[in-house]
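The values are calculated or read from the model by the stated rules, or taken from the named source; none is laboratory data. Not measured: the values here are computed from a predicted model. All Cβ positions, glycine included, derive from the backbone under ideal geometry; neighbour counts span all protein chains shown. Just so you know, the surface numbers come from the protein's heavy atoms only, side chains and all, with ligands and any DNA or RNA stripped out. Shrake-Rupley method; radii C 1.70, N 1.55, O 1.52, S 1.80 Å.
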Amino acid sequence: MDPSPRWISLLWAAPFMLFLAIPLVHAVHDMRGTTSGNTIIGMTLLLAATYVGTWLVNPVAPRGGGPTRAFVLSFGALILVSAGWLALPHLIDVTSAGYMLSYLMAAWCMQSPRRFAFPGFWAILTISVLTTFLLRTDEFYVILTVGLTGIVCSLSRMSIDHGDAERLDQQRALELSEERERARLSADLHDILG
């Protein structure tokens, strides 16, 4: 029995959801009751909702075609929330905003149409580099985290695509074998009946 695609999507999203506890704990513990703390809590919950939403409405490693309406709307929302996180350091004292691009990177690499996956990877990585330099943070780890997230998710995506291609090749080989068997039986029957 194949697991539901929704469960598979949620399993892909689950590890990243654990990391959202970091800004939540920081906001509750260190900034309780402040505008900054409430903003971080709200933005974190909004990121969690849009991130899980993308996994629920988009298939993992779609095979063909262009972006669907669900893809455009869900990623539009995720991009807006990510941009909101990148704007936070200008409004409140938060240094972890760049790390939130990892959520966009993971979802993009796994759910975007194949022809958009690679350009999107580089665009998001470039945004993380620019963010690090424009916000004047010395955190090379932001770039490393976003980059490694993209590499791991891209390798996973390539593995899924490879598995799909192998299954398709096996199906074609089986269909060809069945067609050859039918042709052989037809020829034998023709010879027998004269």
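Please enumerate the residues belonging to region 150-172 that are modelled with pLDDT of 80 or more and open to solvent by less than 70 Å² (accessible area, probe 1.4 Å).
Gly150, Cys153, Ser154, Ser156, Arg157
Residue check: is Leu80 surrounded by fewer than 22 Cβ atoms within 10 Å (Cβ to Cβ), under 27 Å from Met31 (Cα atoms), modelled with pLDDT under 90 and among the hydrophobic types (A, V, I, L, M, F, W, C)?
no
Just checking, does region 13-30 include any residue being surrounded by 17 or more Cβ atoms within 10 Å (Cβ to Cβ), hydrophobic (A, V, I, L, M, F, W, C) and outside any helix (DSSP H, G or I)?
Scanning region 13-30, I find no residue that is surrounded by 17 or more Cβ atoms within 10 Å (Cβ to Cβ), hydrophobic (A, V, I, L, M, F, W, C) and outside any helix (DSSP H, G or I), so the answer is no.
Return the only residue of Trp7, Trp55 being open to solvent by 70 Å² or more (accessible area, probe 1.4 Å) and either of a type outside the set (A, V, I, L, M, F, W, C) or out of contact with any Lys or Arg (no Cβ under 8 Å at 6 or more places or on another chain) (or both).
Trp7
Has region 116-138 got at least one residue that is modelled with pLDDT under 85, loosely packed, with under 14 Cβ neighbours inside 10 Å, part of a helix (DSSP H, G or I) and out of contact with any Asp or Glu (no Cβ under 8 Å at 6 or more places or on another chain)?
yes
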